[in-house]
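Q: Following this message is one structure expressed as structure tokens.
Nothing in this text is a laboratory measurement; each read-out follows from the coordinates by a stated rule. Everything numeric in this text was worked out from a predicted model, so none of it was measured. Here the Cβ positions follow ideal geometry from the backbone for every residue, glycine too, while neighbour counts run over all protein chains shown.
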Amino acid sequence: MRDLIIIGGGPGGYAAALRAKDRGLDVLVVEEDRLGGTCLNRGCIPTKALVKNAEVVRTVKNLKAYGVKIDGYEIDYSQVKKRKDQVTDQLVQGIEQMFKQKEIPVLKGRGYFVDENTIEVNGENYSAKNFMIATGSVAFNPAIPGSDLPGVIDSDQLLELEELPDRLFVSGASIVGLEFASVFQELGSKVTVSGRTYLKREDKEIQKRSQNYLKRQGMKFYLGGRVQKIEEGPDGLVVTVDGKKGPEEVVVDTVLMSAGRMPNFSCNLEAAGIEYDKSGIKVNEELRTNKPHIFAVGDVNGGSMLAHVATYEALNVVERLAGNPEVLDYRAVPSCTFVYPEIASVGKNEEDLKEEGIEYKVSKFLYRASGKALAMDEPEGFVKMLADNEGRILGVHILGAGASELISEATLAIKYNFTAKELYDTIHAHPTLPELLMEAAMAIDGLAIHQL
């Protein structure tokens, strides 16, 4: 009997399998599609390939500032898509090669529980001492009249478009929706975004400033309301959306439905007697379900729907099975949104601290005060830091170039309980963007050098 069967080969499942093999466990992976899951095949990686394309276009638009003159440019979207697919395929093939080298078996198909000790895949039964459910999540979009019309698509279909839409409507100001909105706006689409909220988990100051930046780039927003219906019109799809003074109509070519995601319960949990509700599979502090030998990691357990959290949880489970248990620590979970400028955050925001009654200090340091940011022609944005009265860093929120890279230092600081002084007493190379964090930390103690 195998030590572990993993249902799902996404960021949690494939990482768990590789670690399990290294720890000497007999492991089997069940995956109905390609290894890498949604993140690698239809999410994080292909979208970041598009983000890079948008970044290049942004630079081309501003070449005069660098003393470079060109007659013009055009977007070959078929090449944009080709490059995105090549990046994805290369990474998937890399994972497949590691599985072959480590001799980790993969069953192609969907796994269904027959009972708490057995799953069925393609008509065959397989048993194990332990199971890991890593089935991830699926797109969730509320039923809207007209959402089944041609041209109304989800994020998977958007990634497969062969042509750039002239007019794109994004329903849902979520991370997924806004990243696509930012990319397609830069590539030349006219973009409109609707949503009840805007990145609701982010610090409210970050939300406001980010939205203002996107508006300045030409993006239009309908926030606080909802899409009422979608109809076919003589000039395209007519989207009726709640406006400030009542319903308004927006005519577009393509509508992206991106309201959010929900756990994927596709493995017949009832047959195994596993407890769950619409928010996710119920797990304890060790990620065990009500069946102690069955674990659930990543999006499916209703926690943070982030690929890196799925990997962290999956590796924790494997180490536990290998005899190396460690307590899960969610105090420092970074989140990144690849709009322009980028957003990244970790730890508490001001709303959290007020709700919890924690006294705190706040500092901000502007990108335009950074020599490296100005040299990069990236003056927009700021670093916001929160600390308790003893100077212990509680949260960091960044809006600006390189935010997704800078957040790692802040994550480390929160995980290991650094004070602001411990961060700014650490020598930072000059001129670099990480100096923004150093100065924000100095500002907690009123000691920032390059700020009035």
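Q: Can you work out the Karplus-derived ³J(HN,Hα) for every residue in the stretch 413-427? Use 6.51 cos²θ - 1.76 cosθ + 1.60 with θ = phi - 60°, whole Hz, and x for glycine or proline.
A: 4, 6, 4, 9, 6, 5, 8, 4, 5, 5, 6, 7, 6, 7, 5
Q: Scan around V193 for amide H atoms under 5 Å from its own, H built in the peptide plane at 1.01 Å from N, and keep only partners 5 or more places away or cross-chain.
A: Here the answer is V170, K220, F221, Y222, since their amide H atoms fall under 5 Å of that of V193.
Q: Hey, how much of the P(r) for the stretch 142-258 falls beyond 20 Å, as a percent of Cα pairs?
A: Details: 2455 of 6786 pairs.
That tail contains 36 percent of the Cα-Cα pairs.
Q: Rounded to the nearest 20 Debye, what is the dipole magnitude of the stretch 119-252 about its Cα centre when Lys and Arg each give +1 and Asp and Glu each give -1 at the C-beta?
A: Details: 16 positive and 20 negative charges, 218 e Å.
Roughly 1040 debye for the stretch 119-252.
Q: Something else now. Assign unit charges at the C-beta atoms only (+1 for Lys and Arg, -1 for Asp and Glu), then state the dipole size of the stretch 303-452 relative to its Cα centre in Debye, rounded to the nearest 20. Show your work: numbers first, answer last.
A: On the way: 12 positive and 23 negative charges, 19 e Å.
That gives a dipole near 80 debye.
Q: Relative to the present Cα-Cα distance, how much length would full extension add between Q451 and D33 at 0.36 nm per residue of separation?
A: 145.3 nm
Q: Moving on to the next point. At a 10 angstrom cut-off on C-beta neighbours, averaged per residue, how do the peptides 183-192, 147-156 rank from highest to lowest?
A: Values: 183-192: 21.7, 147-156: 15.6.
Descending packing order for the listed peptides: 183-192, 147-156.
Q: Can you say what percent of the DSSP beta bridges in the chain, counting only those with both residues inside, are antiparallel? Round to 5. Could you put the intermediate results ahead of the total?
A: Working: 50 of 80 bridges.
Percent antiparallel among DSSP bridges in the chain is about 60.
Q: Could you give each residue of the stretch 319-332 its phi-based ³J(HN,Hα) in whole Hz, using Karplus coefficients 6.51, -1.76, 1.60 with θ = phi - 60°, and x for Gly or Pro?
A: The phi angles translate into 4, 4, 5, 8, x, 10, x, 9, 6, 5, 10, 9, 5, 10 Hz.
Q: Give me the one-decimal nm value for the distance between modelled label points at T197 and E74, 7 Å along each residue's Cα-to-Cβ direction.
A: Inter-label distance under the simple model: 4.4 nm.
Q: How big is the gap, in Å, between the Cα center of the stretch 259-309 and the Cα center of the stretch 104-172?
A: 15
Q: In what order do Y340, Y360 fall by count of nearby beta-carbon atoms within 10 Å, going from fewest to most?
A: Working: Y340 22, Y360 18.
Ranking Y340, Y360 by Cβ neighbours within 10 Å, fewest first, gives Y360, Y340.
Q: Taking amide H positions as placed in the peptide plane 1.01 Å from N, state which residues far from R226 in sequence (5 or more) or on other chains have amide H under 5 Å from it.
A: D242
Q: Report the residues of the stretch 210-235 in range of a label on K61: point 7 Å along Cα→C-beta, backbone N strictly under 16 Å from it.
A: 211-221
Q: Here's something else I'd like to know. Got a sec? How would Y198, Y416 order by Cβ neighbour count within 10 Å, fewest to most? Could the numbers behind the result be given before it?
A: Details: Y198 21, Y416 10.
Ranking Y198, Y416 by Cβ neighbours within 10 Å, fewest first, gives Y416, Y198.
Q: Quick check: residue separation of L412 and L91 times 0.36 nm, minus the Cα distance between them. What number comes out in nm? Don't jump to the answer; show the numbers that get you there.
A: Numbers: separation 321, 0.36 × 321 = 115.56 nm, distance 2.70 nm.
So the extension gain works out to 112.9 nm.
Q: Test of understanding: what is the full-extension gain from D156 to V114, defined as 0.36 nm times their sequence separation minus their Cα-Cα distance? Spell out each step's value before the answer.
A: Working: separation 42, 0.36 × 42 = 15.12 nm, distance 3.06 nm.
Gain in length upon complete extension: 12.1 nm.
Q: Would the stretch 241-389 count as rounded, prolate or oblate if I go by the C-alpha gyration tensor, calling it rounded below 1.5 in a/c and otherwise prolate when a/b exceeds b/c, oblate otherwise? Display every interim value, and only then the final one.
A: Values: a/c = 2.16, a/b = 1.35, b/c = 1.59.
Oblate.
Q: Can I ask one more? For K61, K364, what ranking results if the residue with the fewest other Cβ atoms within 10 Å of its Cβ goes first? Before the final figure, lay out the partial values.
A: Values: K61 11, K364 15.
Ranked by crowding around the Cβ, least crowded first: K61, K364.
Q: What does the helix-only formula give at 222 nm for the chain: each DSSP H stretch with n ≥ 4 adding -39500 (n - 2.57), the total divided by the residues, and the result rounded to the nearest 500 deg cm²/dmol?
A: That comes out to -10000 deg cm²/dmol.
Q: Let me ask another. So, counting K/R as plus one and D/E as minus one, what does the shell of residues with Cβ under 15 Å around G236 add up to?
A: Values: positive: R167, K190, K229; negative: E163, D166, E231, E232, D235, E249, D253.
Surrounding charge for G236 is -4.
Q: Of (1) 37, 31, 22; (2) 35, 25, 21; (3) 40, 32, 21, which is the value of semi-axes √(5λ) of the Cα gyration tensor in Å derived from the coordinates here?
A: Working out semi-axes √(5λ) of the Cα gyration tensor in Å from the coordinates points to (1).
Q: Classify the stretch 73-115 as rounded, prolate or oblate, taking a ≥ b ≥ c as the square roots of the eigenvalues of its Cα gyration tensor: rounded when a/c is under 1.5, otherwise prolate if a/b is larger than b/c and oblate if not. Intermediate values should be presented prior to the final figure.
A: Values: a/c = 6.96, a/b = 2.11, b/c = 3.30.
Taking the square roots of the gyration eigenvalues as a ≥ b ≥ c, the stretch 73-115 is oblate.
Q: Could you give me the ³J(HN,Hα) list for the stretch 28-38, computed from phi with Karplus coefficients 6.51, -1.76, 1.60 and θ = phi - 60°, whole Hz, x at Gly and Pro?
A: Karplus values, whole Hz, x for Gly and Pro: 9, 10, 10, 9, 7, 10, 9, 4, x, x, 4.
Q: Counting only residues 5 or more places away or on other chains, whose amide H sits under 5 Å from the amide H of G260 once H atoms are built in the peptide plane?
A: Under 5 Å from the amide H of G260 lie the amide H atoms of F140, each far enough along the sequence or on another chain.
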